[in-house]
Amino acid sequence: MSIASFPEGFVWGVSTSAFQIEGATSADGRGPAIWDAFSADRAEACDHYHRYPEDVQLMKDLGMAAYRFSVSWARVFPEGAGKANPAGLDFYDRLLDELLAAGITPYATLYHWDLPQALEDAGGWPSRDTARHFADYAAAVCERLGDRVDTWFTLNEPWVAAFLGYGSGIHAPGRKSAAEAFKSAHHMLLAHGLGAQALRSAGAAKVGAVLNISPVMTPAQVSDFGRELSEEDAEAVARIDALVNRQFLDPMLRGEYPADLLPIIERSAGLNHIQEGDLETIAQPIDLLGINYYTPSVVQAQPSEPADPAFPGSEGILFCTIPTAVTAMGWPIVPNCLSLLLRRISREYPDIELMITENGADFVDVVTGDGIHDMERISFIEEHLRALRSAIADGARVRGYLVWTLLDNLEWADGYQRKFGLVHVDFGTQRRRMKDSALWYRDVIRRNGLVETRPKRPTLETVAAR
Ligand code: GBH
């Protein structure tokens with residue numbers, strides 16, 4: 001059997017987030033968070049808060065080397081700031097001990113969208129104070145847990161938190177204002193910078209951030225990326241790329257906002273919220289950039305199109321559907337875009353080490369008495385791993401790959417209907433059952449690679465040896 005292997009020491013694992021799995025939203029002094037009330041479904045989720053030993057055992061059985069989880073800010077600071085709640089930190093203390101005993105390396109994310117309600121009531125992310133409170137929170141967590149966590153990610157996908165939370169309002173806290181979305185994005189960037197400084201002072205070994213990077217292209221480029229674009233389409237692609245990708249990459253990694261984005265920010269929000277010195281703070285050197293990749297953004301110029309509220313400044317741009325296979329969410333499956341984006345990041349931001357911190361898909365799984373059959377998820381992950389491998393072969397510095405996600409969970413605005421897990425969860429009984437994809441992924445990890453499907457064409461030597 002021939003194996004398409006990954007580099008030695010390549011890190012395999014899974015990612016989760018606190019609000020989506022923990023439940024226990026009022027246990028041990030946790031304060032309310034913006035998603036508690038916003039989520040229509042009950043927030044018991046996977047009751048991971050009580051069942052973490054079983055979940056760690058599952059990961060151990062699957063051979064995971066790494067586990068990325070997020071810390072719930074409202075467990076640590078029930079009021080968002082002020083007095084810490086030691087009982088909240090105790091949970092992560094127990095979780096880390098369990099992980100280390102199982103030989104699994106923890107990667108901690110400090111903010112995966114669950115802002116303490118008290119901070120939202122005080123102004124939320126449009127308020128600059130939230131960034132300062134984040135730094136205090138980061139320091140408190142690292143002081144307590146830093147002896148067992150090596151790699152700290154400040155924020156997960158600030159684009160989603162800012163533009164779906166404060167722009168389109170489909171995420172908590174559900175505000176709908178372009179100005180607030182841009183201000184939130186800037187304050188999240190500032191929180192990242194201040195948080196990175198606080199983590200360093202508290203002794204963090206490695207610091208990073210996680211961005212959702214989406215390659216932007218026209219429908220015709222999906223099958224032929226090299227294709228020439230009209231001036232109008234090229235401008236449409238660049239504008240969406242500035243909003244989704246470069247708005248975060250450039251401040252963090254180059255200490256500047258993209259020149260083509262500043263006028264867009266200014267029109268919606270003015271520029272007063274961007275203060276002297278902010279960009280130096282935001283551009284703290286970091287050790288690792290986490291990339292979450294799901295699907296490309298496919299757009300074209302269309303003069304009559306109004307702006308999409310999640311993309312303020314996108315007037316004249318149409319978001320297109322394309323005739324590819326899609327996940328149950330309707331997201332186009334385009335594995336090549338993963339290599340494309342990794343080549344691009346490696347070219348344009350050559351100094352940073354990368355990790356795929358999320359990649360995965362929701363499908364309608366076939367649940368039977370003898371197992372949970374999810375061929376489509378296996379194909380999805382396998383194709384993306386092939387794309388990843390080819391980018392690594394071309395020199396992309398990708399250190400690891402984490403599947404989104406371990407468990408079927410609370411998928412934000414979509415509730416419990418969306419299934420992204422390698423492990424099926426029965427939300428009536430909380431019973432966990434491994435899907436076929438979990439067992440398949442275990443074998444990938446064991447082999448540190450994929451089984452070559454295409455038989456190798458015989459070479460002169462092998463023909464002569466017959
Ligand atoms: C991640 O977000 C989250 O980090 C994770 O918590 C979540 O459970 C997981 O993905 C699955 O959703 O919205 O139709 O325009 C990913 C968010 C997904 C936002 C793709 C942009 C583009 C398609 N991104 N989405 S669409």
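The values are calculated or read from the model by the stated rules, or taken from the named source; none is laboratory data. Remember, it's a predicted structure, so these values are computed and weren't measured experimentally. Neighbour counts are summed over all protein chains in view; Cβ atoms, including those assigned to glycine, are modelled from backbone coordinates with ideal geometry.
Remarks
- For Val366, the requirement of being out of contact with any Gly (no Cβ under 7 Å at 6 or more places or on another chain) and over 29 Å from Thr151 (Cβ atoms) is met.
- The listed residues are Phe420, Phe427, and the only one of them that is touching a Gly at 6+ places or on another chain (Cβ under 8 Å) and of a type in the set (A, V, I, L, M, F, W, C) turns out to be Phe420.
- Test: Asp278 is closer than 24 Å to Leu189 by Cβ, acidic (Asp, Glu) and within 23 Å of the chain's Cα centre (by Cα): no
Condition check ((1) among the hydrophobic types (A, V, I, L, M, F, W, C); (2) outside any loop (DSSP other than H, G, I, E, B); (3) without any contact (Cβ under 8 Å) to a residue 12 or more places away in the chain; (4) in contact with a helix residue (DSSP H, G or I) (Cβ under 8 Å, 6 or more places away or on another chain)) across all residues:
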| residue | (1), (2), (3), (4) |
| --- | --- |
| Ala161 | yes, yes, no, yes |
| Tyr166 | no, no, no, yes |
| His171 | no, no, no, yes |
| Phe182 | yes, yes, no, yes |
| Met188 | yes, yes, no, yes |
| Val210 | yes, yes, no, no |
| Gln247 | no, yes, no, yes |
| Asp250 | no, yes, yes, no |
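- Set Ala37, Ala24, Ala4: member being farther than 26 Å from Ile445 by Cβ and outside any helix (DSSP H, G or I): Ala24
Results for (1) modelled with pLDDT of 95 or more; (2) surrounded by 20 or more Cβ atoms within 10 Å (Cβ to Cβ); (3) touching a strand residue (DSSP E or B) at 6+ places or on another chain (Cβ under 8 Å), shown as yes or no for each residue.
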| site | (1), (2), (3) |
| --- | --- |
| Cys142 | yes, yes, yes |
| Glu157 | yes, yes, yes |
| Ile170 | yes, no, no |
| Glu180 | yes, yes, no |
| Gly193 | yes, yes, no |
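- Looking across the range 1-39 at every residue that is away from the ligand (no atom under 16 Å from the Cβ) and of a type in the set (A, V, I, L, M), the one that is surrounded by the fewest Cβ atoms within 10 Å (Cβ to Cβ) is identified as Met1.
- Residue tally, condition more than 17 Å from the chain's Cα centre (by Cα) and part of a loop (DSSP other than H, G, I, E, B), over the range 403-429: 3
- Residue that is farthest from Ile291 (Cα to Cα) [pool: residues in the range 387-423 that are more than 16 Å from the ligand (Cβ to nearest atom) and not small (Gly, Ala, Ser)]: Asp394
- Search result, residues across the range 296-354 that are of a type in the set (Val, Ile, Thr) and outside any helix (DSSP H, G or I): Val298, Val299, Ile317, Thr321, Ile322, Thr324, Val326, Thr327, Ile333, Val334, Ile352
- Looking only at the range 354-373, and only at residues there that are more than 16 Å from the ligand (Cβ to nearest atom) and buried (at least 18 other Cβ atoms within 10 Å of the Cβ), the one that is farthest from Ala209 (Cα to Cα): Ile372
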